[in-house]
Amino acid sequence: MELTVFFILAGLLAVQSLIALQDGARFLRFVRRRLQQPLPAFAPPTTVVCPCKGLDAELEVNLRAVLEQDYPNYEVLFVVADPADPARAVCERLARTSSVPARVLVAGPPSGRAEKVNNLEAGVKAARAESEAFVFVDSDGRPPRGWLRTLVAYLADPQVGAASTFRWYIPDGDFLSGLQSAWNGPGMTYMGEWSRNFCWGGGTAIRRETFYEIDVPRYWAGCVSDDLMLTRALRDAGKPIVYVPQCLVATHHPTTWAKLLEWTTRQILLTRVYEPRLWWPAMGVHLFFCGVFLYGFFLAARLLPTAWQTSATVLLTLAAIAALAVAKGVYRQASVLLLLPQHREELRRTWWSPTLQAALVPWLMAVNFILSALTRRMTWRGITYEFGYSEVLNAEQWTSIGQEIVAGVEAGYYQPHIFKVFAFEDVELANENLARAPLWPQYMQQVAVKNIAKLEFILGITHGITEAIGIGVFPHVTEKVSE
């Protein structure tokens, strides 16, 4: 019976892994088609906004790559939150010597939202008037020279909401950097020629007109994730997101166990908060994978003393399923070799690392899902954010962030990091918020339901008493009960 259950579960898992393998082949064909397609001749004046914090690995090389794009007319805005940020000096030195117009902005501390979101909005507000497109890029990536031209070209169709890409962590040859690359890889192949694409904050282009038409600043009010809220704004407006794999961004990012666990869990927690419909099935898939393997290991260990052949069959079945995950890693690696020719030698030296470690990704994912289910707190670039807490605001604090909260309520979208808001010692403001927010109809409905329930309770008691003592037949009693 136990063997039957195992092979049924293993069969389901094998089907799931074969579908994933087929998706890897699909993505490789998609990449080859895209590389052969000519680019639209569209290169409007553009502003590139690059938020910076701290000294990332090879920061100067990365920022110089942003300043050396093969693009006719663009400016670069480096944005830091703190004037004492060590990245500011690097940015200013590069801006002074750049042939491309470049400025360094100090956005100041954020108010009611994440620091990166605050930096991005400061950059957008400071963009020159002639720019027709905004491009958002991260400071830890290294885009090739044709990156900006390719990404913006996909905005040629005015119906396109945004063009976005993804990153690829280039392993350093050690176990942890390989695992980081393997964990990140599925995000690259998740997207394609369909409507489920999302914006990635490290490489997204959007028309200026579209940015304000869909009112992105409202969606960014009080949020932590810039890209997931930009994705939500585009989906709410019915604007498609085009995935541009040719603009894959190579990233060198040394890591440790603590950093890797913090980073991976943060991605899953953000998904839980902003995309719960994706989080739930993804959690089920990864926990099912690990559960089948754990059950198989337990069964093989129990059968080993008495039926080693059966035990070996169980282990070989698990090995075959793990091999399917590795095979998808091979497809993924083949796609990356086509997309990052300038890094081909590095990728060939370390091809085995993210490919073989693809079999370990579901285990790390399972840990991430469990941790994200147990906490609503995360640390990002030294700042801790907590989702779903109550915050008491006095009148002075409301002045700085209260209007963003009211705007978010009127827009009808959920702001995860503020669950309850109290206007403290300001009756007029509290009354105004009650009138402007869509709260009053719900309040009246609850009052009506409460009154009806009480009326039914009292009437039921009265009717029960009259029936019990046999006085319901008298006209004057019937009249009183009816009243």
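The values are calculated or read from the model by the stated rules, or taken from the named source; none is laboratory data. Every value quoted in this text rests on a predicted model; they were computed, and no experiment measured them. We place every Cβ from the backbone using ideal geometry, glycine too, and count neighbours over all the protein chains shown. Only protein heavy atoms, including side chains, enter the accessible area calculation; ligands, DNA and RNA are left aside. Shrake-Rupley method; radii C 1.70, N 1.55, O 1.52, S 1.80 Å.
Observations on the structure shown:
- For the residues V249, V244, the requirement of being within 15 Å of G187 (Cβ to Cβ), open to solvent by less than 10 Å² (accessible area, probe 1.4 Å) and in contact with a Pro (Cβ under 8 Å, 6 or more places away or on another chain) singles out V249.
- Against the numbered list (1) aliphatic (A, V, I, L, M); (2) open to solvent by less than 40 Å² (accessible area, probe 1.4 Å); (3) within 29 Å of T255 (Cβ to Cβ); (4) in a loop (DSSP other than H, G, I, E, B), A84 comes up short only at (2).
- Residue pairs whose Cβ atoms lie under 9 Å apart, sitting 6 or more positions apart in sequence or on different chains, and linking a residue in region 107-128 that is at positive phi and open to solvent by less than 20 Å² (accessible area, probe 1.4 Å) to a partner that is hydrophobic (A, V, I, L, M, F, W, C) and assigned to a loop (DSSP other than H, G, I, E, B), are G108/A81.
- Region 200-242 - residue that is assigned to a helix (DSSP H, G or I) and of a type in the set (A, V, I, L, M) and, of those, nearest to E121 (Cα to Cα): V216
- Residue count for region 205-241 under the criterion of being open to solvent by 10 Å² or more (accessible area, probe 1.4 Å) and either among the basic types (K, R) or over 19 Å from Y190 (Cα atoms) (or both): the result is 16.
- All of S372, S335 fail the test of being open to solvent by less than 10 Å² (accessible area, probe 1.4 Å) and closer than 22 Å to S225 by Cα, apart from S372.
- Being within 20 Å of L13 (Cα to Cα), open to solvent by 30 Å² or more (accessible area, probe 1.4 Å), without any contact (Cβ under 8 Å) to a residue 60 or more places away in the chain and of a type in the set (A, V, I, L, M, F, W, C) holds for only one residue in A312, A322, and it is A312.
- Matching entry among G291, G296 (being over 30 Å from V249 (Cα atoms), within 27 Å of the chain's Cα centre (by Cα) and open to solvent by less than 70 Å² (accessible area, probe 1.4 Å)): G291
- In region 138-167, residue nearest to R332 (Cα to Cα) [restricted to those that are hydrophobic (A, V, I, L, M, F, W, C) and out of contact with any strand residue (DSSP E or B) (no Cβ under 6 Å at 6 or more places or on another chain)]: F166
Residue by residue, here is whether (1) touching a Ser or Thr at 6+ places or on another chain (Cβ under 8 Å); (2) within 19 Å of L248 (Cα to Cα) holds:
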| site | (1), (2) |
| --- | --- |
| T4 | no, no |
| F7 | yes, no |
| L18 | no, no |
| L21 | no, no |
| L35 | no, yes |
| A41 | no, no |
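- Just so you know, in region 30-49 the residues that are aliphatic (A, V, I, L, M) and outside any loop (DSSP other than H, G, I, E, B) include one that is farthest from the chain's Cα centre (by Cα), and it is L35.
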